[in-house]
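Shown next, in structure tokens, is the structure this report addresses.
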Ligand SMILES: [Zn+2]
């Protein structure tokens, strides 16, 4: 699968390794992606997100997602 951040779309960058003799060889930089379970409008989802987006709080992790209160659950069952 393509390694891209689900939030910001950050992907691998390409460039050159440059040795002391100035011989250039291709290399690539990959973003620090972590697979996290996030809460979306359509429910929980497991996606790749870069660590910058996780740090900045751009995602709602399922683990930290507030559970519905007991009263709300009871009223939902009555209706
Ligand atoms: Zn990102």
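Read-outs: derived from the displayed coordinates by stated rules, not from any lab. Just so it is clear, the model here is predicted, and its values are computed rather than measured. Because the Cβ atoms are built from the backbone with ideal geometry, glycine has one as well, and the counts that use them run over all protein chains shown.
Couple of notes before you dig in:
- Relative contact order, percent, the chain [alpha-carbon distance under 8 Å, six or more residues apart]: 24
- For the chain, a Gaussian network of Cα nodes joined below 10 Å ranks 64, 17, 32 by mean-square fluctuation, and the top entry is 17.
- Nitroxide proxy distance, nm - points 7 Å out along Cα→Cβ at residue 61 and residue 41: 2.5
- Sites residue 51 and residue 16, calculated FRET efficiency, Cβ-Cβ separation with R0 30 Å, nearest 0.05: 0.75
- Alpha-carbon Debye profile of the chain, log10 I(q)/I(0) at 0.22, 0.23 Å⁻¹: -0.98, -1.03
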